[in-house]
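First the structure, in the form of structure tokens, and then the observations on it.
Every number here is computed from the coordinates shown, using simple stated rules; none is lab data. Owing to the predicted nature of the structure, the values given are computational and were not obtained by experimental measurement. Backbone-built Cβ (ideal geometry, glycine too); neighbour counts: all protein chains shown.
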Amino acid sequence: MQANKQKPVVLVTAADLAPQALEMLSGFEVVFAGKQPTEDEVVALCAMHKPVAIIVRYGKVNARIMDAAGQLQVISKHGSGIDVIDQEAAAQRGIEVRAAVGANAAAVAEHAWALILACAKSVTHLHVRMRAGHWDKATHKSVELEGRTLGLVGLGAIGRRVAAAGLAFGMNVIAYDPFAKEAPAGMTLVELDALYSSSDVVSLHCPLTPENRQMLNRHTFARFKRGAILVNTARGGLIDEAALLDALAAGQLRCAGLDSFDVEPMSNPHPFQSVANLILSPHIGGVSDAAYVNMGKGSAANVLAVLGERTRATV
């Protein structure tokens, strides 16, 4: 009698994956690394199980992890941000890197608008004041968005959803995206300097690259329209955080809403925690009930696609 052939392993850098994704991966043994696993823990699991694929939910995947895996063929991101994967190291080792592009676009776009509205309408500030027994109706004025300019840095699946909502609010929508050939109806493509100087709200929707790290710094904040709102649901490394604190303190920015940070999890204590005109959330813009399923299915589909392509290529 022939012995059962051991299933190839897919390692997930998390404690769970959507049931729909697990069903797609029924031909594999799925190993979970646990909640927010350390690099050493992932290396140990790779050395033990020799996965053919890694689905990245939390943490980073570097050359050390790739080398420990040995048989690794594909690294699939549970989401769209592949800056957490050493892409150069993967290319050198012949390992495919894929992202579940657009799987969480609706969730992130909605969260961007939650932060924009919270900033414009002082939601958290007024909530705290009300809890303390204050009634600020006679003194408070919020920012009305109709007729104001929304500037989007990045016009992919998320940016276009944010733009559509801005148009529905009656805003003038402009965008910078070096890869966009034309703007959707009702929008205008502009250069970055024009976007900074013209926008009442700036929302970031671009990937983090070595070229645009800390693209928002003291020099660029000085070119912003005074009193603008800044929202970042992309990557924390896009912003010089010390410069952001100075811009908020000086009134160059009215308010900012951040869902991503240069170092994650954000350290505790952190200078951001004492800034009243700064709204924070723990990088959960893409975490919703529907996005959890979509990202799981998207990352599983990418694993199956790459392994299927490579299997066919060897036949």
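Based on the Cβ-Cβ distance of Lys141 and Ala91, what FRET efficiency does E = 1/(1 + (r/R0)^6) give at R0 = 51 Å, to the nearest 0.05?
0.45
How big is Rg to Rh over segment 105-276, alpha-carbon atoms, Rh as the Kirkwood inverse-mean-distance radius?
Rg/Rh: 0.96.
By how many nm would the segment from Arg226 to Asp83 lengthen if fully extended, with 0.36 nm per residue of separation less the alpha-carbon distance?
48.3 nm
From the cross-link list Lys141/Lys225; Lys7/Lys297; Lys121/Lys225; Lys137/Lys225; Lys7/Lys35, which pairs have alpha carbons spaced over 22 Å apart?
Pairs exceeding the cut-off: Lys137/Lys225; Lys7/Lys35.
Quick check on packing: order 228-237, 165-174 by the mean number of other C-beta atoms within 10 Å, highest mean leading.
228-237, 165-174
Note down the relative contact order for segment 120-248 as a percent, whole number, built from C-alpha pairs under 8 angstrom at least six residues apart.
Across segment 120-248, relative contact order equals 22 percent.
So which cysteines of the chain have no other cysteine's Cβ under 4.7 Å from theirs?
Cys46, Cys206
Using alpha carbons only, how many degrees (0 to 90, rounded to 10) separate the axis of helix 241-250 from the longest principal axis of the chain?
Rounded to the nearest ten degrees, it is 10.
With labels modelled as points extended 7 Å from the Cα through the Cβ direction, what inter-label distance (nm, one decimal) is found for Val293 paired with Val128?
3.8
In nanometres, what is the gap between the two model label sites at Ser281 and Ala242, each 7 Å from Cα along Cα-to-Cβ?
Label-label distance for Ser281 and Ala242, simple model: 3.0 nm.
Can you give me the C-alpha center-to-center distance between segment 140-211 and segment 1-79, rounded to a whole angstrom?
38
Give me the number: length gained by fully extending Ala185 to Lys60, i.e. 0.36 nm times residue separation minus the C-alpha to C-alpha distance, one decimal in nm.
Here the segment from Ala185 to Lys60 would lengthen by 41.2 nm.
Antiparallel versus total DSSP beta bridges in the chain: what percent is that, nearest 5?
0
If packing is taken as the average count of other Cβ atoms within 10 Å, what order do 211-218, 8-15 fall into, highest mean first? The partial results should precede the final answer.
On the way: 211-218: 15.8, 8-15: 22.4.
The densest-packed peptide leads the list: 8-15, 211-218.
Which value, in debye to the nearest 20, gives the size of the charge dipole of the chain about its Cα centre, when Lys and Arg are +1 and Asp and Glu are -1 at the Cβ?
Dipole about the Cα centre, nearest 20: 380 debye.
Ranked from highest to lowest mean number of other Cβ atoms within 10 Å per residue, what is the order of the peptides 54-63, 185-194? Don't skip to the answer; put the middle values down first.
On the way: 54-63: 21.3, 185-194: 13.8.
Taking the mean over residues of other Cβ atoms within 10 Å, the ranking is 54-63, 185-194.
Taking N as the number of residues in segment 232-315, what value does Rg over Cα atoms divided by 2.2 N^0.38 Å take?
My calculation over the Cα atoms of segment 232-315 gives 1.63.
Tell me the mean residue ellipticity at 222 nm calculated for the chain from its helices only (DSSP H runs of n ≥ 4, each -39500 (n - 2.57), averaged over every residue, nearest 500).
-11000 deg cm²/dmol
If you split all Cα-Cα distances of segment 55-197 into 5 Å bins from zero, what percentages do you get per bin, shortest first?
2, 8, 14, 13, 12, 11, 12, 10, 8, 5, 3, 1, 1, 0
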